[in-house]
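Quick one: structure below, then a few questions.
The values are calculated or read from the model by the stated rules, or taken from the named source; none is laboratory data. Just so it is clear, the model here is predicted, and its values are computed rather than measured. Backbone-built Cβ (ideal geometry, glycine too); neighbour counts: all protein chains shown.
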Amino acid sequence: MSANYASTHKTPLLQVKNLQTGFKIDGDYFNAVEGVSFNVQRKQIVGVVGESGCGKSVMSLSIMQLLPEGIGKIRGGEIEFEGEAISKLSDKKMNKIRGKDISMIFQEPMTSLNPVFTIGYQIQEVILNHEKISKKEARNQSISLLKSVGIPRADKIVDEYPHQLSGGMRQRVMIAMAIACQPKLLIADEPTTALDVTVQAQILELLKSIQEANDMSIILITHDLGVVAEICDEVLVMYAGKIVERATVEELFNNPKHPYTDLLMKAIPKMDEDVEKLATIDGLVPSITKMPQVGCRFSNRCPRAMPECMTITPQLGEVAAGHETACLLYDASWPTEEKRQREREGASAV
Amino acid sequence: MLKYSLRRLLGMIPMLILISIVVFSLAKIMPGDSLSGEIDPNNTNPEYIAEMREKLGYNDPLPVQYFNWITGFMQGDFGKSTKYKTPVADVIIEKLPNTLFLGIMALVITYILAFLMGMYSGRKPYTIGDNAIAGINYVMLAIPSFVAAVFAIYFFAFQLNWFPFGGSVDIIVEEGTPEYWLSRLHHVLLPAIVLGAMSTASYTQFLRNDIIENSRKDYVRTARAKGTPIAKIYNVHILRNSIIPLVTFLGFDFAALIGGAIITETIFTYPGIGQLFLDSVSSRDYPTLMALTMLLSFLTLAGNLLADLLYGIVDPRIRMD
């Protein structure tokens, strides 16, 4: 018993190992997520940042197995939740996990709720999916959940329809649904992107307080570094389906290693600087069908690119304690074979 | 809701007045009049006819004639059928149960078939099953109902002897007995199947397309993220959204239910409103024709109102307060 206890508490809550998720385009699969590995510890908030189209959402949908049917598919790697492999579970078994152990909130609160059912019905559904209680109890639970996410007049709102609520309120309803069964992991896919700035802050505060109260872990997907700085413990920076940097929030903001992260930081507008034009990163993420198969995927936009960047694929390597990056500017990112060869030639990196 | 319904009902009045003027004018323009049917064939004295015309008001100015007709109509006096020599109301009421029975049976058949096929097609689009269903539906839609009815009578009534070829009930059974009702059901089944199965296309394809469209909506992903089984998502979450556009058809169906199927009823010699309508045209039974046209116009308007009210029930976003 005690050994069991120890083992479940040593293993990370979620382990993603070399995940590859592909999309079918004209009969061929193209990977939108290419060999992503990371862990989420208990009670940890992990931020995932990157531009649109870098694979953040696809990665989170892969964890939930909610990829569009017949189009998206997990093509390799493992996802383990509390030590149990879940990436190959049947839909029926996955339904026991979705909403109960892992739940998710989405970017678009305006369309994420079913317009023809009451708020109460939609919250009760998740409770009744996973717990054997009466409808009346479920209704009472829904009301207290609505109260706990800061919705006024909860006993009235429970009988109202989504269109009667504002975007911020709807996102609160989504959060109430997501935490109804006290999940161990919450995946929040850009939960504040569609909301007003003032409402954004409230929603983040709410998420943080729920996370502390329920001892929950959160994967927070966003392209807003400000959000990351506010509540995350650890950050993954993704680019073109790969993780290019991983560090604690403090480390990342004080000491960004990857040129991409560095440029992202520079793109944040600063209050004390008066500039005509905000810094941007030139170019676009390569399209999924034209992804370079060797070399660094950022090389065509990188201001510090070297000739090797086109031919050698960098690997995630530790550049400081708890700080990993995948960039050939750092020795740790060189693949073993190429590193040896380079040492023989007597060249040295930065 | 009540206020809205009342307002809509009041709004129907000018529309009905306009329709009544059109109906009255058309009846006036058509050759012959009711008198030719009423007159005693042994008494063709032109003086007598002229006297009768004067007495019946045929020489009054048109607006006066219209006014007389509409006043009677409003009070429930639809006139006397020149063919049946009984009040039009009695003739219609006699035929109405048959038509209602046929209409409801046909509608039930349409709904059952269309929902089964539409839900299957919507859930498994672009499969062989979906294509087969679409093929069947469009073939049925393309076959004119009189062709289908004739073939159905030939095969199922004459060759296989499964159903009677016409009428609404056997003459020998006593009214009110269980045999009587069974006989009626037996008689209504073939025309109902022909009528019902032929008109599934619009419902099926509308439902299919709406289910496909809804299955891509964000709320479906939310329901999946809650651990809701996929069958429940289709049968509850998506279906509940997909029936909203179908309500439009329901409004039309309401009028068709009572208006009857003119062609089908005639081919099956099924004594209903549809047959009566066609009869009244060919036998110049103007009072019946006018009353039926008014009735159908009213039902179409009422059907639209019903559909609009139903929208409010199925779609909370347009609910009237």
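Which of the following residues is more than 22 Å from the chain's Cα centre (by Cα), over 28 Å from A:Trp334 (Cβ atoms), touching a residue at least 12 places away in the same chain (Cβ under 8 Å) and in a helix (DSSP H, G or I): A:Thr280, A:Thr289?
Details: A:Thr280 fails: in a helix (DSSP H, G or I).
Checking each option against the conditions leaves just A:Thr289.
Considering only residues that are in contact (Cβ under 8 Å) with a residue 40 or more places away in the chain and assigned to a loop (DSSP other than H, G, I, E, B), look in region A:118-155 and name the one that is nearest to the other protein chains (Cβ to nearest Cβ).
Filtering first and then ranking leaves A:Thr118.
If you don't mind, another one. Residues of region A:179-237 being over 14 Å from the mean Cα position of the chain (by Cα) and hydroxyl-bearing (Ser, Thr, Tyr), which ones? Please lay out each step first, then the result.
Let us first name the residues in region A:179-237 that are over 14 Å from the mean Cα position of the chain (by Cα), namely A:179-184, A:194-216, A:226, A:229-230.
Within region A:179-237, A:Thr198, A:Ser209 qualify.
Related question: Any residue at all in region B:195-209 that is surrounded by fewer than 20 Cβ atoms within 10 Å (Cβ to Cβ), out of contact with any helix residue (DSSP H, G or I) (no Cβ under 8 Å at 6 or more places or on another chain) and not basic (Lys, Arg)?
no
Further question on the same structure: Would you check which residues across region B:176-224 are among the β-branched types (Val, Ile, Thr) and either at positive phi or not in a helix (DSSP H, G or I) (or both) and list them? Step through it out loud before you land on a result.
Narrowing region B:176-224 to residues among the β-branched types (Val, Ile, Thr): B:177, B:188, B:193-194, B:200, B:204, B:211-212, B:220, B:222.
Of everything in region B:176-224, those that are among the β-branched types (Val, Ile, Thr) and either at positive phi or not in a helix (DSSP H, G or I) (or both) turn out to be B:Thr177, B:Thr200.
Can you find a residue in region B:1-20 that is out of contact with any Phe, Trp or Tyr (no Cβ under 9 Å at 6 or more places or on another chain), outside any helix (DSSP H, G or I) and among the aliphatic types (A, V, I, L, M)? It would help to see each step written out before you state the result.
First pass over region B:1-20, keeping only residues out of contact with any Phe, Trp or Tyr (no Cβ under 9 Å at 6 or more places or on another chain): B:1-11, B:13-15, B:17-18.
Filter again for outside any helix (DSSP H, G or I), leaving B:1.
Subset that is among the aliphatic types (A, V, I, L, M): B:1.
Yes, region B:1-20 has at least one match.
Return yes or no: is B:Ile267 closer than 28 Å to B:Ala149 by Cβ, at pLDDT 85 or above, away from chain A (no Cβ under 14 Å) and buried (at least 21 other Cβ atoms within 10 Å of the Cβ)? Write out each step before concluding.
On the way: closer than 28 Å to B:Ala149 by Cβ: yes; at pLDDT 85 or above: yes; away from chain A (no Cβ under 14 Å): yes; buried (at least 21 other Cβ atoms within 10 Å of the Cβ): yes.
Criteria met by B:Ile267.
State all residues of region A:320-344 that are at pLDDT 90 or above and assigned to a strand (DSSP E or B); if no residue qualifies, say none.
A:His323, A:Glu324, A:Thr325
So A:Leu236 fits all but one of (1) in contact (Cβ under 8 Å) with a residue 24 or more places away in the chain; (2) assigned to a helix (DSSP H, G or I); what number is the exception?
Result: A:Leu236 fails condition (2) only.
For region A:90-117, which residues satisfy the criterion of being more than 9 Å from every other protein chain (Cβ to nearest Cβ) and in a helix (DSSP H, G or I)?
Across region A:90-117, the qualifying residue is only A:Lys93.
Restricting to region B:228-238, and then to whatever is out of contact with any Asp or Glu (no Cβ under 7 Å at 6 or more places or on another chain) and surrounded by fewer than 24 Cβ atoms within 10 Å (Cβ to Cβ), can you tell me which residue is nearest to the other protein chains (Cβ to nearest Cβ)? Lay out the reasoning, then the answer.
Applying the first criterion (out of contact with any Asp or Glu (no Cβ under 7 Å at 6 or more places or on another chain)) to region B:228-238 yields B:229, B:231-238.
Applying the additional criterion that residues be surrounded by fewer than 24 Cβ atoms within 10 Å (Cβ to Cβ) yields B:229, B:231-236.
Values: B:Pro229: 6, B:Ala231: 10, B:Lys232: 9, B:Ile233: 10, B:Tyr234: 12, B:Asn235: 13, B:Val236: 9 Å.
Across region B:228-238, the extreme among qualifying residues is B:Pro229.
Okay, next question. Would you mind stating whether B:Ile70 is in contact with a Ser or Thr (Cβ under 8 Å, 6 or more places away or on another chain), within 22 Å of B:Gly167 (Cα to Cα), surrounded by 15 or more Cβ atoms within 10 Å (Cβ to Cβ) and modelled with pLDDT of 85 or more? Show your work before the answer.
Working: in contact with a Ser or Thr (Cβ under 8 Å, 6 or more places away or on another chain): yes; within 22 Å of B:Gly167 (Cα to Cα): no; surrounded by 15 or more Cβ atoms within 10 Å (Cβ to Cβ): yes; modelled with pLDDT of 85 or more: yes.
Taking the combined requirement at face value, the residue does not satisfy it.
Another question, if that's okay. Anything in region B:289-321 that is more than 19 Å from B:Thr71 (Cβ to Cβ) and either of a type in the set (S, T, N, Q) or in contact with a strand residue (DSSP E or B) (Cβ under 8 Å, 6 or more places away or on another chain) (or both)? List them, or say none.
The answer is B:Thr300, B:Asn304.
To continue, here is another question. In region A:64-89, which residue that is under 19 Å from the mean Cα position of the chain (by Cα) and within 11 Å of another protein chain (Cβ to nearest Cβ) is nearest to A:Lys184 (Cα to Cα)?
A:Met64
While we're on this one: Which members of region B:166-180 meet the condition of being more than 20 Å from the chain's Cα centre (by Cα) and either exposed (fewer than 10 other Cβ atoms within 10 Å of the Cβ) or under 16 Å from B:Ile263 (Cβ atoms) (or both)?
Kept after step one, since they are more than 20 Å from the chain's Cα centre (by Cα), are these residues of region B:166-180: B:169-180.
If the condition is that a residue be more than 20 Å from the chain's Cα centre (by Cα) and either exposed (fewer than 10 other Cβ atoms within 10 Å of the Cβ) or under 16 Å from B:Ile263 (Cβ atoms) (or both), then B:Ile171, B:Ile172, B:Glu174, B:Glu175, B:Gly176, B:Pro178 are the ones that fit.
Just give me the residues in region A:173-220 being in a helix (DSSP H, G or I) and within 14 Å of another protein chain (Cβ to nearest Cβ), in sequence order.
Residues of region A:173-220 that are in a helix (DSSP H, G or I), as a first pass: A:173-179, A:197-214.
Scanning region A:173-220 gives A:Val173, A:Met174, A:Ile175, A:Ala176, A:Met177, A:Ala178, A:Ile179.
Let me ask something additional. Before we move on, is B:Tyr126 of a type in the set (Phe, Trp, Tyr), over 30 Å from B:Ala197 (Cβ atoms) and not in a helix (DSSP H, G or I)? Talk me through it step by step, then tell me what you get.
Numbers: of a type in the set (Phe, Trp, Tyr): yes; over 30 Å from B:Ala197 (Cβ atoms): no; not in a helix (DSSP H, G or I): yes.
So B:Tyr126 fails the test.
Taking A:Ser87 as the residue in question, decide whether it is of a type in the set (Gly, Ala, Ser) and assigned to a helix (DSSP H, G or I).
On the way: of a type in the set (Gly, Ala, Ser): yes; assigned to a helix (DSSP H, G or I): no.
Here the answer is no, as A:Ser87 does not meet what is asked.
Name every residue in region A:156-172 that is within 12 Å of chain B (Cβ to nearest Cβ), touching a residue at least 12 places away in the same chain (Cβ under 8 Å), surrounded by fewer than 21 Cβ atoms within 10 Å (Cβ to Cβ) and in a helix (DSSP H, G or I), in order of residue number.
Once the filter is applied, which keeps residues that are within 12 Å of chain B (Cβ to nearest Cβ), touching a residue at least 12 places away in the same chain (Cβ under 8 Å), surrounded by fewer than 21 Cβ atoms within 10 Å (Cβ to Cβ) and in a helix (DSSP H, G or I), region A:156-172 yields only A:His163.
Restricting the search to region B:210-227, which residues are surrounded by fewer than 18 Cβ atoms within 10 Å (Cβ to Cβ) and facing another protein chain (nearest Cβ under 7 Å)?
Correct list: B:Lys217, B:Asp218.
In region A:27-41, how many are in contact (Cβ under 8 Å) with a residue 12 or more places away in the chain and either over 18 Å from A:Arg246 (Cβ atoms) or touching a helix residue (DSSP H, G or I) at 6+ places or on another chain (Cβ under 7 Å) (or both)? Give the derivation first.
Our first condition is that a residue be in contact (Cβ under 8 Å) with a residue 12 or more places away in the chain; within region A:27-41, this holds for A:29-41.
Narrowing the set further to residues that are either over 18 Å from A:Arg246 (Cβ atoms) or touching a helix residue (DSSP H, G or I) at 6+ places or on another chain (Cβ under 7 Å) (or both) leaves A:29-33, A:36.
Looking only at that region, the number is 6.
Can you pull out the residues in region A:292-319 that are surrounded by 13 or more Cβ atoms within 10 Å (Cβ to Cβ) and not in a loop (DSSP other than H, G, I, E, B)?
Scanning region A:292-319 gives A:Glu308, A:Cys309, A:Met310, A:Gly317, A:Glu318, A:Val319.
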